[in-house]
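Down below is the structure, laid out as structure tokens.
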Amino acid sequence: MKAASARYAGLIVFAAVVTLNIFVVSRAFAADPPDAAAPPILLIQNATILTVSHGTIEHGSVLIRDGRIAEVDQSIAKPQGAEVIDANGQFVMPGIIDCHSHIAVDGSVNEGSVPVSSMVNIADVLNPDDIDIYRDLAGGVTVANVLHGSANSIGGQTVVIKLRWGAPASRLPFEGAVPGIKFALGENPKRSNFSIRGQEKRYPATRMGVEETIRSAFTEARDYKIKWDDYNKRTSAGEKNLIPPRRDLRLDPLVEVLEGKRYVHSHCYREDEILMLLRVAKEFGFKVRTFQHVLEGYKVADEIAASGAGASTFSDWWAYKVEAYDAIPYNAAIMTRRGVVVSINSDDAEEATHLNQEAAKSIRYGGLSHDEALKMVTINPAMQLGIDKRVGSIDVGKDADLVIYNHDPLSAYAVVQKTLIDGRVYFDRARDIAERADREKEKKALIEKEKKAAEKKAEEKKQNEKKPDDKPKPPQPEQRNAADKAHGVGSAPATARGAL
Amino acid sequence: MNCSRATTMFHSLILATSLIVPASLAAQQPPPKAYALVHAKIFTLAGAPIENGTLIIRDGKIAAVGGQVEVPQDAQVINGEGLQIYPGMFDPITQMGLREIGAVGSTVDSTETGNYNPDVVALTAISPSSEHIPVTRVAGITEVLAVPASGGMDSFGPTGVIGGQASAIYLAGWTVDDMQLKRSVAMVVNWPEIQTKTFDFTTFSRKEKPYTEAKQEYDKQVTELTDWIVRARHYAQAIGHGAPADFARDLKLEALVPVVRGQLPLLVFADRSREIRNAIEFCDKQNLKMILAGGSEAYKLKDLLRSRSIPVILRPMLTLPLYEDDPYDRLLSQPTELSAAGVKFAFGSFDNSFARRLGQNAANAAAYGLPYEEALKAVTLYPAQIFGLADQVGTLETGKVANVIVTNGDPLEITSEVRYLFIRGQLTSLDNRHKRLFEKYSARPKP
């Protein structure tokens, strides 16, 4: 099953090593210029607008200028030159924000060889061609927090992206979003359910070891920070000829955590390990930004709320391992009631295509209101990722990241009609359907071309193999050269290959 | 309504008081002889919905259903005003009772080792006290098939070719005997796949092999499967002619006898069109009754499936398309296409802990064009028909087993709740592990 395999995907392939891409993703922290492909003025009319921040507007309009929301009201007069989307009978909500995603990653999501892998960064391996970006867009997702897997107590650096399908990797990161780091507690970092025959167990193998790993790493990071602080202080005081401390790529991101410049997103399940991390964080003076999955969060909801950490959980996953046996679909509701900012995440490309439905389950299990449920995939994850000034609700000045559904999005019958990012329509169901015939034709033509090329290649091969007499004899140098060419192994590309 | 409002109110009062009796005391009281569900909208799925209808349950069966039904004196009345009544849902592919915690091998009994296990039967290993059962029940599911070797979430590695026999069970009962709907309803076959890329769990690495090698392995397995069927046919003939005294019984072949006699269908797991086609040709040639499971590319063979009357248990809608260049809604729109082509199908969760998403899956198919009534029938009547159990479950008709749900809305919708649930005519608890943990921790005092 897709959901299942993806759930473990990160864990399964931990033998694979993250490819360090030579193309460094540029992370421009300035606001992005308006998208040239987006209409400068766009008016969405006649829709039920679920603003999330200030209630529902029936038969309302949203005006978009230069990729931002310019006006939200009952009725807005069409400005000159505006493009219009008539959303009669449809629902508009803010784009869905998935606080835990593994899409758009080239290769394995786990650098599982070491317990602390803070030196690797998922932003280095973003793959803009991953089809799951488009599939999730078609499910109304506009923003995703892309994380490493959970093989390490302290995992890799994370990146928040916008699902700008078709844009290069450098355009995916959410401009100005605070970068994060993945932590993981419990069965996955202690490798409980995974072992390779003949290979020694990796440390840590217990929850005690997981805590020790984190404390050790932060002890190192604190010392490292002192050295750098001292060096910087003395340098700025005018001291000359000082030797800077040796740069440590593993500790740099942990120093950023200590300085509050990098968010900690920690995978966890059991109540005790949640409290453990809060104690360690307090000891070193950093904050846990979000607890991820946090399936037993409902048992320690008050403690989580008091710490100020957010909680990003599943709707109804349970029983796939021991630490998920006490998982309950009421988790989101209990934590919400106790004052935790809660989001529902996917952890999986498929699950992300219906996060609206997953949020609706907290109405059924725990009795949350329509608005509370909606917040769990919009403004709450935006707050958790520190991007709530830009996205997460339909308010003037915010990015025009919007989803249009044909029904109330908290229904299993709702289908996404359009998804907009920065005021540009990145997914349009009608257009997708209309283009299918052409795409099918194009695919057939490519297959035909490939077949013909292969036939030609085979024919050439046959020609070259024809011998003047029946007796086999070694090919003459010029013959071998021709044969090599036909096989595409010569220095010059063969015709067949060139035809691709 | 024939019964007077006063009587109804009186009975409602009785019900109200009986509901606050502690469970331990209630358990000691004999259950009422009959139940009368009144004033509800009844969707029998055997005719038009009945407004303000009455449903009478007696001796585990549906005794009467209709708009003009008399309420018996000895019946406990449940006022269904504002509520709706449906047949309980039927999940035709689960590992219910066979698997508790996916990652803990000692709690998993869903797949035997070895490639050919026709004589293992799911019912043998079902744990009646599995926590999955009451959790699934709350979603309005009253009966399921427990299917061995059917994969499912958290299930890795090979599943064997002949996986064993699937059992139909009610989701309530003190013992497996109570739960049994039918011991053997289908023989599981995981149709071999030509796999060039595999994942080796002993070394945790991806393996790739040449096509010719993969094809050879595939052919070998199909030949072996053919051999099993041929031998079973010979075995059946031998039994038919009266076996000699020294006749050595072979339990595996014996288990395949109902298959070759056409009494037990093969439940064939296959997703890609090539494998589906090969499986159909095989069953045609061997003259076996086939039910397709999975069927991600069934749409490519819809005419063949219809002409051979092969029903399909569809993999959950909540699954990504097989191929990168498939339309993003390939699986979601398939039911609409199959329905239009006249192929009979049901939805299955193919899982345990996700079984409660069955209704959501059906609703999603309706969202992408499947007529609503077809979606509803694909989780009630159609699975019952496909496995030959429609004389007992699947609709609300007089004489059928009273597997009934009373809801506050469309049972396929995420936000709807089941208010009352009957299995074999017993008013069945809606309590479960999740609800208990919810109540316990909701009551935790502030630290």
Can you bin region A:273-399 into rounded, prolate or oblate? Criterion: square roots of the alpha carbon gyration tensor eigenvalues sorted a ≥ b ≥ c, rounded for a/c under 1.5, prolate for a/b above b/c, oblate for the rest. oblate
Taking only Cα atoms of the protein assembly as shown, the Rg to Rh ratio with Kirkwood Rh works out at 1.00
With the convex hull built on the Cα atoms of region A:42-199, state its orientation-averaged projected area in nm². 12.1 nm²
Could you list which residues have their amide H under 5 Å from that of residue A:71, counting only those 5 or more apart in sequence or on another chain, with H placed in the peptide plane? A:63
Check which residues have an amide H placed less than 5 Å from residue B:53's amide H, if you skip close sequence neighbours. B:39, B:40, B:41, B:42
Debye sum, Cα scatterers, region A:301-373, no solvent: what log₁₀ I/I(0) at q = 0.13, 0.17, 0.18, 0.25 1/Å? -0.36, -0.63, -0.70, -1.20
Around residue B:180, which amide H atoms from residues at least 5 apart in sequence, or from another chain, sit under 5 Å from its own amide H, with H modelled in the peptide plane? B:170
Go through A:300-306, A:79-85, B:106-112, A:240-246 and give me the packing order, highest mean Cβ count within 10 Å leading. A:300-306, B:106-112, A:79-85, A:240-246
Enter the mean number of other protein chain beta carbons within 10 Å of the beta carbon of each residue in A:409-418, as an integer. 5
Quick one: Debye curve from the C-alpha atoms of chain B, no solvent, what's log10 I(q)/I(0) at q = 0.06, 0.10 Å⁻¹? -0.29, -0.76
Considering the Cα positions of chain A, please state its Rg to one decimal place and its Dmax as a whole number of Å. 26.8, 90
Using the Karplus curve 6.51 cos²θ - 1.76 cosθ + 1.60 with θ = phi - 60°, what ³J(HN,Hα) values do you get for each residue of region B:315-327, in whole Hz, with x for Gly and Pro? 4, x, 4, 7, 9, 6, x, 4, 10, 4, 9, 5, x
For peptide B:438-447, the mean count of other chain Cβ atoms within 10 Å per residue Cβ is 5
Binning every alpha carbon pair distance of region B:26-82 at 5 Å from zero, what are the percents per bin? 5, 20, 27, 23, 14, 7, 3, 1
How large is the Kirkwood hydrodynamic radius of region A:115-164, counting all unique pairs of alpha carbons, in Å? 11.8 Å
Want the number for residue B:216 to residue B:74: 0.36 nm per residue separation, take away the alpha-carbon distance, what's left? 44.4 nm
Kirkwood Rh and Cα-based Rg: tell me the resulting Rg over Rh for region B:285-415, rounded to two decimals. 0.97
Lys/Arg Cβ at +1, Asp/Glu Cβ at -1, dipole of the protein assembly as shown taken about the Cα centre: which of A:64, B:384, B:212 is farthest positive-ward? B:212
Taking 7 Å along the Cα-to-C-beta vector as the label spot, tell me the residue A:283-residue A:432 distance in nanometres, rounded to one decimal. 4.8 nm
Let's test the formula: R0 of 45 Å, r as the Cβ-Cβ distance of residue A:452 and residue B:237. What FRET efficiency results, to the nearest 0.05? 0.25
At a threshold of 8 angstrom on Cα-Cα distance, excluding pairs fewer than six apart, so keeping six or more, what relative contact order does chain A reach in percent? 17 percent
Entries of A:261/A:361; B:300/B:377; A:361/A:389 with Cα pairs more than 25 Å apart: A:261/A:361; A:361/A:389
Compute the long axis of helix B:330-341 from its Cα atoms, compare it with the longest principal axis of the Cα atoms of chain B, and write down the angle in degrees, 0 to 90, nearest 10. 80 degrees
Sequence order, region B:91-106: Karplus ³J(HN,Hα) from phi using 6.51 cos²θ - 1.76 cosθ + 1.60, θ = phi - 60°, Hz rounded, Gly and Pro as x, gives 9, x, 9, 9, 10, 4, x, 9, 8, 9, 10, x, 7, 9, x, 5
Cross-link partners of residue A:227 among lysines (Cα-Cα below 18 Å; sequence separation of 8 or more within a chain): A:240
Enumerate the calculated ³J(HN,Hα) couplings along region A:269-280 in order (Karplus 6.51 cos²θ - 1.76 cosθ + 1.60, θ = phi - 60°), each rounded to whole Hz, writing x wherever the residue is Gly or Pro. 10, 8, 4, 5, 6, 5, 5, 4, 5, 4, 5, 5
Taking only DSSP H segments of four or more residues, each worth -39500 (n - 2.57), what value at 222 nm results for chain A once the sum is divided by all its residues, to the nearest 500 deg cm²/dmol? -9500 deg cm²/dmol
Sort the following peptides by mean Cβ neighbour count (other Cβ atoms within 10 Å, averaged over residues), highest first: B:344-351, B:402-409. B:344-351, B:402-409
Relative packing of B:394-401, B:174-181, which averages over residues the other C-beta atoms within 10 Å, highest first: B:394-401, B:174-181
Fraction of beta bridges assigned by DSSP in region B:93-172 that are antiparallel (%, nearest 5): 60 percent
Helix-only [θ] at 222 nm, chain B, -39500 (n - 2.57) per DSSP H run of 4+, per residue, nearest 500, equals -9000 deg cm²/dmol
If region B:272-331 were replaced by its equivalent ellipsoid, with semi-axes equal to the square roots of 5 times the Cα gyration tensor eigenvalues, what would those be, largest first, whole Å? 23, 11, 9
Over 10 Å intervals from 0, what percent of Cα-Cα pairs in region A:152-264 sits in each interval? 12, 29, 28, 23, 8, 1
Number of partner chain Cβ atoms within 10 Å, mean per residue of A:313-324: 6
Structure shown: which of B:252/B:344; A:182/B:440; A:201/A:321 lie over 27 Å apart, alpha-carbon to alpha-carbon? B:252/B:344; A:182/B:440
With N residues in region A:71-141, what two-decimal value do you get for its Cα radius of gyration over 2.2 N^0.38 Å? 1.77
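Any read-out appearing in this document is the output of simple, stated calculations on the displayed coordinates, not a laboratory observation. Small disclaimer: the values here were computed from a predicted structure and weren't measured. Glycine gets a Cβ as well: all are built from the backbone with ideal geometry, and neighbour counts include every protein chain shown.
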